[in-house]
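Please read the structure below before turning to the comments.
The values are calculated or read from the model by the stated rules, or taken from the named source; none is laboratory data. Remember, predicted model here, so these are calculated numbers, not experimental data. All Cβ positions, glycine included, derive from the backbone under ideal geometry; neighbour counts span all protein chains shown. Note: accessible area is taken over every heavy atom of the protein model, side chains too, but ligands, DNA and RNA are not part of it. Shrake-Rupley method; radii C 1.70, N 1.55, O 1.52, S 1.80 Å.
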Amino acid sequence: MQVVSAKFDIKNANQIEVAKQHGAYSNLKQILSLEPSHIMDLVDKSGLRGKGGGGGSCGAKWKNMVAYANKTNAQKRYLVINGDESEPGTCKDKYILNLDPHLLIEGIIISAHALGACRAFVYIRGEYEREFVSLNNAIKEASDELDGFEIVVYKGAGAYVCGEKTALLESIEGKRGHPRLKPHDKKEPDFLFGSPCVVNNVETIASVPFIVKNGWEAYRSFGTEQSPGAMLFQVSGCVNSPCVKELPFGYKMIDFINEFGGGVWRGRELKAVIPGGSSAAVLTKDEVLKATLDYESLKEFRSALGTGGMMVFDDSISMPNVLLNLLEFYTEESCGQCTPCREGCGWGLRVVEKIVHGEGKMSDLQTLKDICYMLDGKTVCVFAPAVKDVIMGFITKFESEFKALIND
């Protein structure tokens, strides 16, 4: 079953005439005549989970925002779509933005109706120029369907931390992209320009038309009990055929790598996989053979499904060098707001750099663990805890490779 990728292989499906021939905006007027609460119930019952990394319940998030807005008599509500997609190893949302932007627009219209949103913002990373143009062109084509509803496409400046929703909101407001402190009450929504808002990933909102048109039972008919539906999974790295493929949750990870990624390249052996974008903890070969592509399975291995972006490493790859490369990225992209993150990422990088260059000591491995303790749970956002997971995954699961580079 194809939820968001049905038109990916159709030529010119990014143009409204072709998109409409294949079901885009069908029955939209009837859908918009439905009670907003009915649409929210459909999304909630479908079990749709956020596909940008967190995996939280979409329906629960919507209901929390609407309940808060009604309780406080909020004059405005906003829908924000996160299309930043800066996570290394992740390249799924760009397919929707390029190949079927009208599906996203239709999802925005339906979702905004359900939420009572007066305006929608789509935040796209600065490097996505092609996607920025594609979506803006589609919005112009869809003016009749939008019927005066405004979608603002906001281009970021390329900061990885703006993939974090509150930093993204700060950026839209014209401020520096620093994550916000989180409220103690988890039912309190996010806010944009002082008004309550919902922030969802591109693929999440693009899944809404399927659910509303086909019913929540249709979405739940595939996937797993706790991870219903499907997702755009990606595989890159040491494989013969890097690709993006929509499949139901619960698919075996090793089968995806072999069937759609063409297996490990050059006749080499599989060593490791980062399963959900670079911030998900690395898996060993043995773990990959057991893992399935759903939130619960990856959690069992103390990793995360994240964005579903698998990065494959063969047996010729040095894992200390991979960690060094990742820490160079995270050190550069830390926003610097929190001291543990600002200093800890750079400190971790310098320690791993010493080890890779043959200047490390056995005590450096303990130093890395101490740095991880400092990074975990002591910052405003989850950037630092994610870096902790990355470091700990590498130095515990591939400890022998680090020790082999140490001479003392």
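Report the one residue of Leu104, Asn325, Gln21 whose Cα lies farthest in the direction of the positive end of the charge dipole of the chain (charges on C-beta: Lys and Arg +1, Asp and Glu -1; origin at the Cα centre).
Comparing the listed Cα positions along the dipole, Leu104 ranks first.
Give me a comma-separated list of calculated 3J(HN,Hα) values for segment 102-117, in order, Karplus coefficients 6.51, -1.76, 1.60 applied at θ = phi - 60°, integers in Hz, x for any Gly or Pro.
Once rounded to whole Hz, the list reads 5, 5, 5, 4, 4, x, 5, 4, 5, 5, 5, 4, 5, 8, x, 6.
Given the chain reduced to its alpha-carbon atoms as identical point scatterers, what log10 I(q)/I(0) does the Debye formula return at q = 0.09 Å⁻¹?
So the normalised log intensities work out to -0.55.
By its C-alpha gyration tensor, with a ≥ b ≥ c as the square roots of the eigenvalues, how is segment 70-223 shaped: rounded for a/c under 1.5, else prolate for a/b larger than b/c, else oblate? Working shown, then result.
Working: a/c = 1.34, a/b = 1.09, b/c = 1.23.
Rounded.
With a 1.4 Å probe and all protein chains left in place, how much of the accessible area of segment 1-142 comes from carbon and sulfur atoms, in whole percent?
Its accessible area is 48 percent carbon and sulfur atoms.
Pairs Lys92/Lys388; Lys175/Lys397; Lys94/Lys403; Lys187/Lys388: which are spaced more than 32 Å apart, C-alpha to C-alpha?
Values: Lys92/Lys388 25 Å; Lys175/Lys397 40 Å; Lys94/Lys403 40 Å; Lys187/Lys388 28 Å.
Exceeds cut-off: Lys175/Lys397; Lys94/Lys403.
Pick from Cys91, Cys341, Cys243: which residue has the top mean-square fluctuation in a GNM of the chain where Cα pairs under 10 Å get a spring?
Cys243
Mind pulling the angle between the C-alpha long axis of helix 363-375 and the longest principal axis of the chain? Nearest 10 degrees, somewhere in 0 to 90.
Once rounded, one gets 20 degrees.
For an R0 of 30 angstrom, estimate the FRET efficiency from the Cβ-Cβ distance between Asp315 and Lys403 and round to the nearest 0.05. Before the final figure, lay out each step's value.
Values: r = 18 Å, r/R0 = 0.60.
FRET efficiency, Asp315 to Lys403: 0.95.
Taking the Cβ of Gly344 as the centre, find all other residues whose Cβ is under 15 Å away and add up their charges (Lys, Arg: +1; Asp, Glu: -1). Please report the intermediate quantities before stating the final value.
Working: positive: Arg342, Arg350, Lys369, Lys378, Lys388; negative: Glu328, Glu332, Glu333, Glu343, Glu353, Asp364, Asp370, Asp376, Asp389.
Result for the local shell: -4.
How far is helix 383-397 tilted, in degrees, relative to the longest principal axis of the Cα atoms in the chain, given as a value from 0 to 90 rounded to the nearest 10?
Between the helix axis and the principal axis of the chain, the angle is about 40 degrees.
Report the antiparallel proportion of the DSSP beta bridges in the chain as a percent, rounded to a multiple of 5.
50 percent
What 222 nm value per residue comes from the helices of the chain, counting each DSSP H run with n ≥ 4 as -39,500 (n - 2.57) and dividing by all residues, nearest 500 deg cm²/dmol?
Values: 20 runs with 186 residues, N = 408.
It lands at -13000 deg cm²/dmol.
Helix 129-141 versus the longest principal axis of the chain: what angle, 0 to 90°, nearest 10, using Cα atoms?
Rounded to the nearest ten degrees, it is 10.
Averaged per residue, what accessible surface does the chain expose to a 1.4 Å probe, in Å²? List each step's numbers first, then the result.
Details: 17390 Å² over 408 residues.
Accessible surface, normalised per residue, equals 43 Å².
I'd like to compare 382-392, 201-211, 290-300: which one has the highest average count of other Cβ atoms within 10 Å, and what's the full order after that? Could the numbers behind the result be given before it?
Values: 382-392: 23.0, 201-211: 27.8, 290-300: 18.6.
Highest to lowest by the protection proxy: 201-211, 382-392, 290-300.
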